[in-house]
Amino acid sequence: MTRILITGATGQIGSELTLALRDIYGQEQVVASGRKHPPSTAIRESGPFVYLDVTDSRGLAELVASHNIDTIYHLASLLSAVAEAHPQRAWQVNMDGLTNVLEVARKQGCRVFFPSSIGVFGPTTPPDHTPQDTIQQPTTIYGITKLSGELLCNYYYKRFGVDCRGVRYPGLISHVTRPGGGTTDYAVEIFYAALSGVPYTCFLGPDTRLDMMYMPDAIRAAVTLMETEGSRLSHRNGYNITAMSFSPEELATAIRKHIPTFSMRYEVDPVRQAIADSWPRSMDDSVARREWGWQPHFAMAEMVSDMLAKLNSSMEKGE
Ligand code: SER
């Protein structure tokens, strides 16, 4: 029987993936963990939650043993902008945390899901239709940890047979939990401003085009990849996946179709702009489509409608 541990369960992906996995595998089968205490009511009331710092290898090993965990979704990580502000801490959380997870997986026989990112690419990567296998010379500490993570996961699979799998997520747009300091966060913040009736000041320039994805697709990607027959996977880690690609100006225009009075101005943050400029504008995800049937359900227009409706309803409820 599948017994899952989620690290970083209170984060942007974790807060939704926890509930999705509990729906599929059963509430008690999915142990959520994180450093933020207490977690949201939804996570607390739908199953077990334990405090865990992923840099604490002993605490992690004890938790995996005491809960008979056989699958780890390792989401705990610092995002790109925060990582750039605290590079040593980013290495500690992103690399030491992953090393601890892989070691416990090796010793206790667990499967691992590892979310990588468009951040694994850099300025020397072809920015359009970025291939699955291409030049990877990231210039951010976030990208360096994510690329090293992909390689380490592949190594643990080849060397020790640990079943590690993962995708390269683009910017993720969601209405449950805000992202914690990424370069693509503008694409979430903009909705809060639009629905509050206030102008939004965007920290990326108007034409900065990046890959993006709506959270329901991101969750489905993780679940589908983990359920795929292993023999179908040639890459295992770091699958390019995308759903849409747009610039801040195009997103503002799409929002104005629903809220015509919405206005946006620009105050470019040089750090995040430089990060964004080093990332692809649109990835080629055909390998994921071929090997495990990846297919996004939400394009930009559907994402904007759904995001506005769901966020509006949670803002009205005061959530
Ligand atoms: N959304 C992430 C970030 O901006 C990219 O993986 O850091």
Mind telling me which of the residues Ser57, Ser80 ends up being within 16 Å of the ligand (Cβ to nearest atom), modelled with pLDDT of 95 or more and of a type in the set (Ser, Thr, Tyr)? Ser80
How many of the residues making up the range 246-263 are in contact (Cβ under 8 Å) with a residue 60 or more places away in the chain and under 23 Å from Ile118 (Cβ atoms)? 4
All but one of (1) closer than 28 Å to Val64 by Cβ; (2) away from the ligand (no atom under 16 Å from the Cβ) hold for Ser148, so report the exception by its number. (2)
Being within 17 Å of the chain's Cα centre (by Cα) and either farther than 20 Å from Arg209 by Cα or away from the ligand (no atom under 16 Å from the Cβ) (or both) is the filter here, so list the residues in the range 268-294 that pass it. Ala288, Trp294
Check whether at least one residue in the range 87-104 is surrounded by fewer than 23 Cβ atoms within 10 Å (Cβ to Cβ), within 15 Å of the ligand (Cβ to nearest atom) and assigned to a loop (DSSP other than H, G, I, E, B), and report yes or no. no
Give the residues of the range 105-141 that are in contact with a strand residue (DSSP E or B) (Cβ under 7 Å, 6 or more places away or on another chain), within 18 Å of Ala276 (Cα to Cα) and not in a helix (DSSP H, G or I), sorted by residue number. Ser116, Ser117, Phe121, Asp128, His129, Thr130
Would you call Val268 in a loop (DSSP other than H, G, I, E, B), closer than 24 Å to Gly181 by Cα and of a type in the set (Val, Ile, Thr)? yes
Name the pairs: first residue in the range 38-64 and of a type in the set (Phe, Trp, Tyr), second residue outside any loop (DSSP other than H, G, I, E, B), Cβ to Cβ under 8 Å, at least 6 apart or on different chains? Phe49/Val31; Phe49/Ala32; Phe49/Ser33; Phe49/Gly34; Phe49/Ile43; Tyr51/Ser33; Tyr51/Gly34
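The values are calculated or read from the model by the stated rules, or taken from the named source; none is laboratory data. In this text, all values refer to a predicted model and were calculated from it rather than measured experimentally. Here Cβ is always computed from backbone atoms with ideal geometry, including for glycine, and neighbour counts include all displayed protein chains.
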